[in-house]
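The values are calculated or read from the model by the stated rules, or taken from the named source; none is laboratory data. In this text the structure is predicted, and so the values were computed from the model without any measurement. Using ideal geometry, Cβ is built from the backbone for each residue, glycine included, and neighbour counts are taken over all protein chains shown. To get the accessible areas, we keep the full protein, side chains included, count just its heavy atoms, and leave off ligands, DNA and RNA. Shrake-Rupley method; radii C 1.70, N 1.55, O 1.52, S 1.80 Å.
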Amino acid sequence: MSAVSQKQLAAEAALEYVEDGMIVGLGSGSTAALFVKALGQRIAAGDLSIKGIPTSRETEEVARESGVPLIPIEQADRIDIAIDGADEVDGRFRLIKGGGGCLLREKIIADAADRMIVLVDETKLVARLGAFPLPVEVDPFGWTITAKKVFDALRAVGIARPVVDIRRKQRDSLDPFITDGGHYILDCACGEIPDADAAGIALSIVPGVVDHGLFLDQARVVIVGEDDGVKILEL
Ligand code: 5RP
């Protein structure tokens with residue numbers, strides 16, 4: 001079974017966690033999009049009434065096309081659940097996110113939610129975070145200096161040879177990728193992150209860093225799509 005089919009199974013299983021009247025944070029990326037589409041079908045069938053808050057313009061578009069009602073985040077005094085994908089998940093439910101470049105809004109919403117539910121195919125489960133390059137969102141002003149400081153910060157927490165690259169719009173373009181918030185992304189190939197808590201703190205205090213893709217204390221449920229169904233892991 002392909003990763004896409006596993007993502008689809010995880011997305012459908014996540015509907016079990018959505019209750020009538022909830023405010024739902026809608027994640028970004030291909031798995032979250034499958035969930036938003038499945039949610040739209042439930043709403044169209046008249047089974048469910050919820051309000052969604054999207055974590056990206058892309059998700060906002062998918063939600064509108066799928067008939068999922070949205071509210072601006074400023075109108076929500078609380079968020080019941082956030083449902084999102086991830087690039088890596090370790091055994092302690094710690095994540096790397098931001099492969100799609102939406103990590104800042106994803107983190108704001110995941111952190112505000114009573115519960116974050118993560119949807120992945122089984123290739124995303126890792127023993128230790130770091131094989132996926134860690135996205136770090138930075139202000140464009142002085143980004144070359146920020147990139148050197150990010151390199152130093154990663155070295156200081158035990159990553160021997162980090163490679164810090166600015167994300168481009170396309171593979172052979174010189175134009176930087178720009179997030180919905182108007183920032184750049186530095187993709188930091190670490191190999192392995194020996195101490196994710198220390199890395200998170202070290203990155204957070206670099207001036208110019210807006211946020212990083214380590215989600216260390218947000219996920220409470222991980223739904224893993226497998227070949228013959230889903231595995232549900234709960235903290
Ligand atoms: C976007 C993200 C995504 O959740 C992550 O990249 C996983 O994407 P996909 O579901 O397409 O595999 O963090 O910023």
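Counting the residues of region 190-213 that are aliphatic (A, V, I, L, M) and assigned to a helix (DSSP H, G or I) gives 6. I'd like to know if region 15-32 contains one or more residues that are in contact with a strand residue (DSSP E or B) (Cβ under 8 Å, 6 or more places away or on another chain), aliphatic (A, V, I, L, M) and open to solvent by 20 Å² or more (accessible area, probe 1.4 Å). Yes: one or more hits. Restricting attention to region 33-67, the residues that are among the β-branched types (Val, Ile, Thr) and either more than 16 Å from the ligand (Cβ to nearest atom) or surrounded by fewer than 24 Cβ atoms within 10 Å (Cβ to Cβ) (or both) total 3.
From the list ILE81, ILE96, ILE166, the lone residue that is modelled with pLDDT of 95 or more and outside the structural domain of ALA14 (by TED's automatic domain parsing) is ILE166. Of the residues making up region 168-180, not a single one is open to solvent by less than 70 Å² (accessible area, probe 1.4 Å), closer than 20 Å to ARG92 by Cα and of a type in the set (A, V, I, L, M, F, W, C). Within region 95-106, not a single residue is touching a residue at least 24 places away in the same chain (Cβ under 8 Å) and more than 10 Å from the ligand (Cβ to nearest atom).
Of the candidates LEU134, LEU154, LEU103, the single residue that is of a type outside the set (S, T, N, Q), open to solvent by less than 10 Å² (accessible area, probe 1.4 Å) and touching a Lys or Arg at 6+ places or on another chain (Cβ under 9 Å) is LEU103.
Against the numbered list (1) closer than 25 Å to LEU9 by Cβ; (2) under 10 Å from the mean Cα position of the chain (by Cα), ILE81 comes up short only at (2). For region 22-32, state whether one or more residues are more than 16 Å from the ligand (Cβ to nearest atom) and over 14 Å from the mean Cα position of the chain (by Cα). Yes - at least one qualifying residue is present in region 22-32.
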